[in-house]
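For reference, the structure discussed in these notes is given below.
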Amino acid sequence: MKKLLAVLTCILLLALLVRFLCTYNVTSSGERSTAPLLPMVINTWNFPEANEEAWRLLNLEKGGVGQTRSAVVGGISICEKLQCDMAVGYGGNPDERGDTSLDALLMDGGTMEVGAVGDLRRIKSAIKVAQHVLEHTLHTLLVGDGADDFGIAMGFQNESLNSDENIAILQNWTAHNCQPNFWRNVYPDPRTSCGPYKPLTTWDANVTQSERIEIGPDNHDTITMAAIDEEGYIHVGTSTNGLRHTMPGRVGDASIPGSAAYADNEVGAAVTTGDGDILMRFLPSLLAVEAMRAGKTPAEAVELVIQRIRKHQKFFDVAIIAVNRLGTYAVKCQGSGMARYNGEFGYMVSSPGQPVRTESVPCTTDHEKTPSEADRQVIW
């Protein structure tokens, strides 16, 4: 009888310990809180209005149950309306012709369905058009005129995304010989001249870009967001007007599932922001989620993603957030262009007892391809 009581006591203590640990909210900076982890909203950059609206919508039902989709769409929509850092929504970062275009994505971590749009030019609410792609079509991604036509057919207003600021940015760019730009292996020399360009007869894979494109507050702050309810249901979303001075027709990583965002209710989610043309080559959000599926912690997952890119790319800018299905998260930042919140990368988190708080992490600026154990690990 004494042995049985002892065993039962040990089981009870173990259960209490597990519950205690699971209710600890361990942030990327190592701070702890006894508040429950879920429900939660987390998004890139210091965009508090978006996080606050998402948190409000998530809490329309107890525990956020059934509200993760509306939370992500509603939160990101606020940023589109506010033109967050002029990098989200209409009137921001123009392409070579001076036009603004939008990319957005919405993913359901339960069904694995995705709705996305790219190069949207006549509708301001990109995230809501992406939602309509998810809910009213069997497609995943619509781009260009087809995406605009679809949105207009769904009842969205047909309107220009351009502004006086677009024109000013374009005029300043052309006055400086169209620097920087995204051309190479063409003539006239894109490092000193504007186009139109023609292809060189010989192709050099190592030719330098006209000038390294800087990522950061004056260029590219994609909002990416994840919402998780207390039952572990997840939605992720993205929205951006992309980099300045890209070629017309360019679609960035915000529209690509697994690049700027990915979710799976069985594992967790990841969202990123940074140099989309580089990031989409590596599908960093998918890598992070699959790393967690293979048993990595969120902190190990984000480190692994950075190391994977670093093996192949000397210069890049990225911030990645990985969160598991229980609400434990980690954040990693690479590149000085991402450090805009008191010299660090800032992001927003809301969870019970700690709504709409700003946290930040320092950004690694060492671009050397330093070998590490993470380089050699197989994650699936």
Fill in: Alpha-carbon radius of gyration plus Dmax, which is the widest Cα pair, for region 101-175 in Å
14.3, 50
Worksheet item: Residue-wise, which Karplus ³J(HN,Hα) couplings in Hz belong to region 332-338, taking 6.51 cos²θ - 1.76 cosθ + 1.60, θ = phi - 60°, and x for glycine or proline?
Response: 9, 10, 10, x, 5, x, 8
Worksheet entry | Vicinal HN-Hα couplings computed from phi for region 123-135 (Karplus, 6.51 cos²θ - 1.76 cosθ + 1.60; Hz; Gly/Pro x) | 9, 7, 9, 5, 5, 6, 5, 4, 4, 5, 4, 5, 8
Discussion item. As a test of the definition: which semi-axes, in Å, follow for region 31-149 when you take the square root of five times each eigenvalue of its alpha carbon gyration tensor? Largest first, please.
Written reply: 28, 19, 10
Fill in: Equivalent ellipsoid semi-axes, region 33-81, via Cα gyration tensor eigenvalues times 5, rooted, Å
18, 14, 7
Worksheet item: For region 295-312, what does the Karplus curve 6.51 cos²θ - 1.76 cosθ + 1.60, with θ = phi - 60°, yield as ³J(HN,Hα) per residue in whole Hz, taken in order and with x for Gly and Pro?
Response: x, 6, 6, x, 5, 5, 5, 5, 5, 4, 4, 4, 5, 4, 5, 4, 4, 10
Discussion item. Could you report the accessible area of E52 in Å², rounded to 10, computed with a 1.4 Å probe on the protein chains as they sit in the structure?
Written reply: 110
Worksheet item: Over region 247-300, what relative contact order in percent results from Cα pairs under 8 Å that are six or more residues apart?
Response: 35
Item to complete: Return a whole-number percent for the relative contact order of region 267-375, with Cα pairs under 8 Å and 6 or more residues apart as the contact set.
Response: 26
Worksheet item: C194: accessible area at probe 1.4 Å, nearest 10 Å²?
Response: 40
Worksheet, complete the sentence: Whole-Å distance linking the alpha carbon centroid of region 250-293 with that of region 294-308 is 13
Discussion item. What is the distance in Å between the Cα centroid of region 70-118 and that of region 174-196?
Written reply: 29
Worksheet, complete the sentence: The set of residues whose placed amide H lies less than 5 Å from the amide H of V186, leaving out same-chain residues fewer than 5 positions away, is L200
Practice prompt. Sort region 239-318 into rounded, prolate or oblate with this rule: let a ≥ b ≥ c be the square roots of the eigenvalues of the Cα gyration tensor; rounded if a/c is under 1.5, and if a/c is not under 1.5, prolate when a/b is larger than b/c, oblate otherwise.
Written response: oblate
Response to the item:
By accessible area (1.4 Å), largest first, S125, S70 order as S70, S125
Worksheet item: Ignoring any ligand, DNA or RNA, what whole percent of the accessible area of region 122-171 comes from carbon and sulfur when the probe is 1.4 angstrom?
Response: 52
Worksheet item: Excluding ligands, DNA and RNA, what is the solvent-accessible area per residue of region 235-320 at a probe of 1.4 Å, expressed in Å²?
Response: 27
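The values are calculated or read from the model by the stated rules, or taken from the named source; none is laboratory data. Please read these numbers as outputs of a predicted model, since none were measured by experiment. Surface areas here come from the heavy atoms of the whole protein model, side chains and all, with no ligands, DNA or RNA. Shrake-Rupley method; radii C 1.70, N 1.55, O 1.52, S 1.80 Å.
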